[in-house]
Amino acid sequence: MAQKIAVFIYSDAFCQRHRQDECNFIRSRKLTFPHLVLFLLNFLKGSADDELDGFFNLLQEEETDQPFVTKSAFTQARKKLKYSAFVELNQVFVDTLYDKIKPSLWKGFRVCAVDGSTINLPNNKALREHFQPKGKDNQHPQARASQLYDVLNHVTIDALLKPHNIGERALALQHLQHTHQNDLVLYDRGYPSFELFAQHRELNRHFCARSPWNLYNETRDFLNSGKKQQQVTLTPCSQTKQLCKKQGISVQPIKVRLIRVDLDSGEPEVLITSVLSENTITAVEFKALYHMRWGIEEDYKRVKCRLEVEQFSGLSVHAVLQDFHAKIFSKNLTALLVNEAQKQVGQNKSHCKHPYKVNFTRALSKMKDNIIKLLVFSYDYQRFHRVIKWMASFAEAVRPNRSFERNKKVRPPCSMNNKRTR
């Protein structure tokens, strides 16, 4: 896998597709196209000078007091690189991953989740105009991130960073183009709509979505009935029909299954699913299925709190998009190694009372710098085994029935003024 990615990064065709101009990256420079891509993949958090010095020390495997590349040279070089390079790297990684490994499935389904989150951005005019065009001049800009996430294999299949005024449902429709035949996609209660369900039907994809109890007359009547499950037919209103016809989506009524789930708090919730057969998934099993959606919430916590995605290495729209997509790819590569380490943990801890799980946060910290070594020296299989063994050594027991109240305190926006040392 790493060898294929490395060959891809160093290929001329990849460079030609993702440079801004055909005149870019043709001269012999220290910060070549492959070096720039690799540098941005290295979980950047510190100052540009420190990160650059550390990166080139890694490449030659020795330290020097002389600066290799100045931060000004880095700033100029990154202007020549399209952020789409990291989007394509992630697509190649995901496609190769599912071809090479046997992914974890649930009842034959690849269980995915779609969810969005707001990303705080540096406060400048260019970012406000691009990501929050309808915001106030003094308003701190935010972008909308959205993911299609494989909750069992911890892989981000598709990620988007778009202007904040684009809704989550619109981004969910874009994610659907990256789904497969055996996918079952989970949605939170902000997503259900006839338009989204109809698009699932067009692509022959299954879904399970939490619904507000009063979203449709059918969901309200079902909840009041006290039934555990019921099949109903959803019919679009005139406004929804017009919206669907504009997008070429069928407006034929949709048959769905409603499931009542009683939460531990005693509060009931309604799930809407396209899986109609009780033989495929029973009504009782939907509570555990929908709980899997929490995996994407945990992944956003990794991205925002562990990878510090809001600590951008630049102040331009281009830099923000590069950093975001680079960290998504690097996180996915980490997930591949974590999954391999988890197999070792399962064998080594099979005799224990509780199951053990690899600490993903510690795995991410181990991948700083190691991701460069794994890609540059991709032929060194012993290096891979050492990293996987290290990850497996820090597994922790998973204690059942633990829950914590969600902290909804608003965090202050990030600042670019004071960046920590490496």
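Where a number appears in this text, it was derived from the coordinates with a stated rule and is not lab data. Quick caveat, the model's predicted, so the values are computed rather than measured. Because the Cβ atoms are built from the backbone with ideal geometry, glycine has one as well, and the counts that use them run over all protein chains shown.
Students often get this wrong, so check it: of K327/K353; K107/K162; K100/K389; K245/K287, which have C-alpha atoms separated by over 28 Å?
Long pairs (Cα-Cα over 28 Å): K327/K353; K107/K162; K245/K287.
Quick one: R110, R302, fewest Cβ neighbours within 10 Å first, how do they rank? The partial results should precede the final answer.
Working: R110 22, R302 19.
Ascending Cβ contact count within 10 Å gives the list R302, R110.
Any chance you could list the semi-axes, whole Å, largest first, of the equivalent ellipsoid that the Cα gyration tensor gives for region 54-127, using √(5λ)?
In descending order, the three semi-axes are 36, 23, 12 Å.
Rounded to the nearest 20 Debye, what is the dipole magnitude of the chain about its Cα centre when Lys and Arg each give +1 and Asp and Glu each give -1 at the C-beta?
Working: 64 positive and 43 negative charges, 94 e Å.
Dipole of the chain, to the nearest 20 debye: 460 debye.
What is the sum of charges, Lys and Arg at +1 and Asp and Glu at -1, for the other residues whose Cβ falls under 11 Å from the Cβ of H180? Provide the component values of the computation, followed by the final result.
Working: positive: R110, R205; negative: D95, D150, D183.
Residues close to H180 contribute a combined charge of -1.
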Proxy exposure order for S238, S330 (fewest C-beta within 10 Å first) is S238, S330
Hey, of (i) 23.2, 75; (ii) 29.1, 96; (iii) 21.2, 66, which did the structure itself give for Rg and Dmax of the Cα atoms in Å when calculated? (i)
What dipole magnitude, in Debye to the nearest 20, does region 163-316 give about its Cα centre under +1 on Lys/Arg Cβ and -1 on Asp/Glu Cβ? 440 debye
If you build a Gaussian network model of the chain, linking Cα atoms that sit under 10 Å apart, which residue out of C305, C112, C15 swings the most? C305
Counting just the Cα atoms, what span does region 197-262 cover along each of its three principal axes? Round to the nearest Å and put the largest first. 37, 24, 16
Projected onto the charge dipole of the chain (+1 at Lys/Arg Cβ, -1 at Asp/Glu Cβ, origin at the Cα centre), which of A341, N214, S72 gives the Cα projection farthest towards the positive end? N214
Rounded to one decimal in Å, the inverse mean reciprocal Cα-Cα distance for region 76-228, i.e. its Kirkwood radius, is 17.8 Å
So how do I101, I249 line up by other beta-carbon neighbours within 10 Å, fewest first? I101, I249
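Return a whole-number percent for the relative contact order of the chain, with Cα pairs under 8 Å and 6 or more residues apart as the contact set.
19 percent
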Spelling out what I want: for every residue of region 338-351, take phi, set θ = phi - 60°, compute 6.51 cos²θ - 1.76 cosθ + 1.60 (Karplus), and round to whole Hz; glycine and proline get x. 4, 4, 5, 5, 5, 4, 5, 4, x, 6, 6, 10, 5, 8
So, in nm, how far is label D262 from label E129 when the simple model puts each one 7 Å beyond its Cα toward the Cβ? 5.8 nm
